[in-house]
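Following: one structure in structure tokens, then a few remarks.
Just so it is clear, none of the values below were taken in a lab; they were calculated from the coordinates. Computed from a predicted structure; not experimentally measured. Methodologically, a virtual Cβ is constructed for each residue, glycine included, from the backbone with ideal geometry; neighbour enumeration extends over all protein chains shown.
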Amino acid sequence: MDFFVQVLIDGLMNGAIYGLVAAGLSLIWGVMDVINFAHGEFLMVAMYTCYWIGMLVGLDPLFSWVLTGAFLFFLSAGSYKFIVRRSIGKAAMAPLLATFGLSIFLKNFCLNRFTPNFRLLSGTSLEGKVTHIFGAIVSQPKLVTAIFSLVMLCVLHYMIKKTRIGRAIQATAMDREAAELMGVDTERIFTLVFGIGGMCVGIAGGFMTSYLAVFPEVGALFSLIAFVVVALGGFGSIPGALCAALLIGLVESFAGFYIAPVMKYVAVFALYLAVVLVRPKGLFGW
Amino acid sequence: MNDKNGSFMKSKRRLIDNILWIGLIAVLAALIFIPGAIGKSTHTHVLVLVLLYASMAQSWNILGGYCGQISFGHSVFFGLGAYGAGMAMVTYGSMPWLGILAGAIIAAVTSVLLGWPCFKLRGHYFAIATFAIVEIFGRVFLIWDWIGGALGLDYPIIKDSWSYFLWSSNKTGYYTGALVLFVFIFGVVRYIESRKLGYYMRAVKEGQETAESLGVNSTKVKLTAMALSAFLAALCGAFFAQYNYRVDPPMVMSLDMSMKFVLITILGGMGTFWGPFLGAAVLIPLQEYTRTSLAFLGPGVDQMVYGLLIIFMMVRQPKGIMGFLAEFGILGRNEKKEATGDDAS
Amino acid sequence: MLVKSKAVKFFLVLVFVLAVSSASFAAEKIIKIGTIFPHTGPAAVSGQNCVAAVETAVEFINNKYDWEGFPLAQKEGLLDGYKIVLVNADHQGKPDIAKSEAERLYEEEGVFAIIGCYNSSSSKPASAVAERLEKIFMCGASSSAELTERGFNYFFRTAATDAIESAEFGEYIEHLNKEKGTNLTTLGLIYENSEFGKHAADEGKKVAAKMGINVVADIPFTVGATNMDSEIQTLKAANPDVVFGAALGGDYSLMVRTMKQSNWASKIFINYCTGYQNPAINKELGADSSYYMGGMGYSPEIAEVYMKAALPAQEIYRAKTGFPLDSDSIQETVCLHVLAQAIEKAGVLNTEKVVEILRTETFDSPLSLSGKVAFAPGGQNSKAFTVITQLLDLKYRTVFPASYADSELIYPFPAWDKR
């Protein structure tokens, strides 16, 4: 029973974190129909940023996420302006491959500049602290990250549904030309969406640095899972991404514990295939 | 441009293409007979890789380029072929040929079984589904002991021979083999390009609904393209295993390998006959030579250059090298101008 | 227009770089030795350390150092003034690249021998190339026992294999059970699902079967996993007395942190040559790295007592990397050192003669724990052995075998919340 609760909570926490990592991707995908292949590397860059802020300035990830989020906003918006915008719409998959090139570049750039060493930020305020919930042991840095993920996702959802800028984003996603006729500067919206996408992953990365080692390959598996989360949720749907992420976290956790740990990612990808074959546009897609 | 003129241009293009194609084969084949041209050297290695990756890209091009189904799953078929050869050589200690054939057939059957449900998915959903398949296959193969699991299959050291398709003293055999593979796969594509299947595939790419309304059974066309594509990719995989004396799951069934198929084709020019060859001819030498020549700048610099080149290509000319050539009016009509003309109207 | 001219410049620079670097320099008396390690990719940390370790050997072989009892250090160069020049190659963790780089180094660069490849999966095809070409392949830290079971003639490995390590782990457990009445009866295995981890785990299982220890958990995990929750929970549920671990770098630190989080540890936790041996990783883990154990062929602490001669070499390495030598990378230094001695003894640069000497003679190796290196048929260093150490406050304390032990084992692993 203890293990059941533990596995459940671990799954939910990991799921919530996947959710925040995937949210940005989902937004970009939904609005622009572009897969950002450098998403995992953005996560890695965010973690390095947070690590270096922690090392050099001594700022705790609990606060430095603001900075990593801002930095990634500009990095992501910049990569839209200089790379994605120039390749979009010209040929199938061109933006995908361009961002793939970017991911190779970023990964090797970080490897070259920061050495491939595994870096753990130590001395953070939550380091090693745990909370007990119904007999399960929960790591505080992870719990905080997970809760914050949920909050961020709610904020993001609210922003898109209720604010002016959010409506402009929605309008652009539905029909770019109509939105332009209505006076929406869609080019700016696209830059903004890419920036927000980067910001989400930047914030996620900032928090994750408090419990995960940083190294140039850290983003690889996260980005794969983020792709699956987004496709499973249905693109552009933030609630979809959240549900898919929680589902994937749970499947990973339960399959890992009750079937075999080595099967956990197999189960995740198999679940995705099974769902998407029944619902070709994901759980919340239409 | 009137119809008559258009068809004249088309047949003229086809003639030029044919001359180029036969010329290319002749030059590549002649290399075997020029003493010293092909042997042990790194240049031979690079040539073999160019031919191999061009063949892989062309096999992908059948489904991705001509039929418009962007698959990130081809490393699965590639891997099945590699394992076919590897199992025959290592587990059963026999010649690889039957294993290669079995691997290729299994790959074709698998591709149909996977393609049949996956073709319901459109656009990026299809792409993501295919790479989920790669992840599943890669991970299952890692824990499947019968096929060697994570340990992989290592070729025994045996004498150089054609019957085992294994050489170590020089690469002439591999080069010849790669050339045969290259000519075969490109030949198949050249053949179907002008046959009914080729037109059907392009019709499906242009618009599935329209193609259906014209009486094309799009599912059947897509599955045929998929099976053919997988079969040919598996042959390339078998060659890869024979060439490297080893198979293990991360070597062949990885997303990395899948990306190679896509990247080379798109960088060369998707849906064109020459694209895969041009893509491989540019990317592979770049990758092989910069790895050694840029090493003094520190680790990873060669891959940074590789990444930048991809970005540059996609930003500058997403239609790839064929697009570049078309800008200069070489190898094909200037499609860009026509396209912009269409946009303006 | 700007874009175009920039692009043109970029390619001009590229072409220039290619042209300059391919112009090879001609020196008179040099011996070219190739190295193939992962400079990039998932194993890049260890690969780059290995390169630094080989460079360390080049440093003391080519130059004159007045180190006592250190073969070749006092002499400048080899034979009558030959200097060793390294040709480094990067295999990115990919066996196919390792294989083609091996061919290039032997045939284009004309290296006399290759040292490599860290990853067992890459060492296999690369050494097969060497065997086919009848060239020397020196292998440092690839631990898969299978490498030396192939009966190769040109392959030599200096490190202890996972089979040797497993046997020693088993011996130690028996020793503890007998001497201390610890009653360790169940074993768990947690290992990365790769050639290295799988092979280590298989050897561990063999030893367990021989000793009648129950394997209650057998957990391969994905390299570069996003979390290790299910792995550690499964381990916790099975609650084995002993765990053998084989996790590299980032996975190792994730594993340690997840164990801490779950507040679980086996009574003893022994690692194969892994993240445990990497001082950089332990430094990052800080106090959490304590009490873990592992098989090691070298540690700075052992060197202080038993391998004093190795200390000056360690300083050369430290100047390059900022860390002391570790048990993995030092084996690469040993490789070149032994090879250089064999060349010196042979008196000529002749592969067959050097191989003959490598096969038959015993070499002095101040960088090896036993002080000697000798190769058995198949190429395994028969003098290789490891000691079992336990980490406490970032110091490796040797606990077994008794002849090398400097500390008592802290047993059992203290509970995380009672520290």
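How much net charge surrounds A:ARG167 when only the other residues with a Cβ under 15 Å from the Cβ of A:ARG167 are counted, with Lys and Arg +1 and Asp and Glu -1? Residues near A:ARG167 contribute +2 overall. Per-residue extension of 0.36 nm, minus the Cα-Cα distance of B:SER194 and B:PHE324, leaves a gain of 44.4 nm for this segment. Here the Karplus curve 6.51 cos²θ - 1.76 cosθ + 1.60, taken at θ = phi - 60°, turns the phi angles of region C:87-94 into couplings of 10, 8, 10, 10, 9, 6, x, 10 Hz, with x standing for Gly and Pro. Here the ratio of the Cα radius of gyration of chain A to 2.2 N^0.38 Å is 0.98. What list of ³J(HN,Hα) values in whole Hz, one per residue of region A:140-156 in order, does the Karplus curve 6.51 cos²θ - 1.76 cosθ + 1.60 (θ = phi - 60°) give from phi, with Gly and Pro shown as x? Using θ = phi - 60°, the values come out as 5, x, 6, 4, 4, 4, 5, 4, 5, 4, 4, 4, 4, 5, 5, 4, 4 Hz. Ranking of C:PHE37, C:PHE413 by neighbouring Cβ atoms within 10 Å, starting from the fewest: C:PHE413, C:PHE37.
Based on every Cα atom in region C:97-173, Rg and the maximum pairwise Cα distance Dmax equal 13.5, 50 Å.
Assigning unit charges at the beta carbon (Lys, Arg +1; Asp, Glu -1) and nothing else, what dipole magnitude in debye, to the nearest 20, does region B:68-190 show about its Cα centre? Mind showing how you got there, number by number?
Working: 6 positive and 4 negative charges, 76 e Å.
So the magnitude is around 360 debye.
Taking chain A as a Gaussian network of alpha-carbon nodes connected by springs under 10 Å, the highest mean-square fluctuation of the residues A:LEU221, A:LEU72, A:LEU126 belongs to A:LEU221. Take the Cβ atoms of B:ARG14 and B:LEU214, set R0 to 22 Å, and the FRET efficiency comes out at 0.40. Taking a Cβ cut-off of under 12 Å around C:ILE61, the surrounding Lys, Arg, Asp and Glu residues balance to a net charge of -1, with basic ones at +1 and acidic ones at -1. Shape class of region B:38-171 from the Cα gyration tensor (axes a ≥ b ≥ c, square roots of the eigenvalues): oblate, since a/c reaches 1.5 or more and a/b does not exceed b/c. Electrostatic bookkeeping for B:ILE264 treats Lys and Arg as +1 and Asp and Glu as -1; over the other residues with beta carbon under 14 Å from its beta carbon, the sum is -1. Ordered by the count of other Cβ atoms within 10 Å of each Cβ, fewest first, B:VAL183, C:VAL334, A:VAL151, A:VAL262 give A:VAL151, B:VAL183, A:VAL262, C:VAL334. Scaling against 2.2 N^0.38 Å puts the C-alpha radius of gyration of region B:12-344 at 0.99. Over all distinct Cα-Cα pairs of region B:139-246, the Kirkwood formula returns a hydrodynamic radius of 16.9 Å.
Assuming charge only on the beta carbon of Lys and Arg (+1) and of Asp and Glu (-1), the dipole of chain C about its Cα centre is about 600 debye to the nearest 20. Placing pseudo-labels 7 Å out from each Cα toward the beta carbon at A:ARG188 and C:LYS345 gives an inter-label distance of 7.9 nm. Place a label point 7 angstrom from the Cα of A:PHE114 along the Cα-to-Cβ direction, then list the residues of region B:297-332 whose backbone nitrogen is under 20 Å away. The answer is B:298-305, B:307-308, whose backbone nitrogens lie closer than 20 Å to the label point.
For B:TRP146 and A:LYS161, a Förster radius of 56 Å and the Cβ-Cβ distance give a FRET efficiency of 0.60, rounded to the nearest 0.05. How high is the FRET efficiency from C:LEU394 to B:ILE157, r the C-beta distance, R0 35 Å, rounded to 0.05? Calculated value: 0.20. Expressed in Å, the radius of gyration and Dmax of the Cα atoms of chain C are 22.2, 81.
For the pairs C:LYS94/C:LYS198; A:LYS107/C:LYS395; B:LYS159/C:LYS32; C:LYS99/C:LYS372; B:LYS220/B:LYS319, flag any whose C-alpha to C-alpha distance is greater than 23 Å. A:LYS107/C:LYS395; B:LYS159/C:LYS32; C:LYS99/C:LYS372; B:LYS220/B:LYS319, as the Cα separations exceed 23 Å there. Candidates B:PHE182, B:VAL50, B:SER75 compared by Cα position along the dipole of chain B: farthest toward the positive end lies B:PHE182, with charges placed on Cβ. Near the amide H of A:LYS129, within less than 5 Å, lie the amide hydrogens of A:GLN140, all on another chain or at least 5 residues away, with H placed in the peptide plane.
Each label was represented as a point 7 Å from its Cα along the Cα-to-Cβ direction; for B:ARG316 and C:ASP80 these points are 5.5 nm apart.
The Rg/Rh ratio of the protein assembly as shown, with both radii computed over alpha carbons and Rh defined as the Kirkwood radius, is 0.97. This ranking places A:ARG85, B:ARG14 by how few other beta-carbon atoms lie within 10 Å of each, fewest first, which gives B:ARG14, A:ARG85. Considering only B:GLY279, B:GLY177, B:GLY86, the Gaussian network model of chain B with Cα springs below 10 Å gives its largest mean-square fluctuation to B:GLY177.
Considering only B:VAL315, B:VAL90, B:VAL180, the mean-square fluctuation computed in a Gaussian network model of chain B, springs between alpha carbons under 10 angstrom, is largest for B:VAL315. Using the Karplus relation 6.51 cos²θ - 1.76 cosθ + 1.60 with θ = phi - 60°, the per-residue 3J(HN,Hα) values for region A:126-135 come to 9, 3, x, 7, 10, 10, 9, 10, 6, x Hz, with x marking Gly and Pro.
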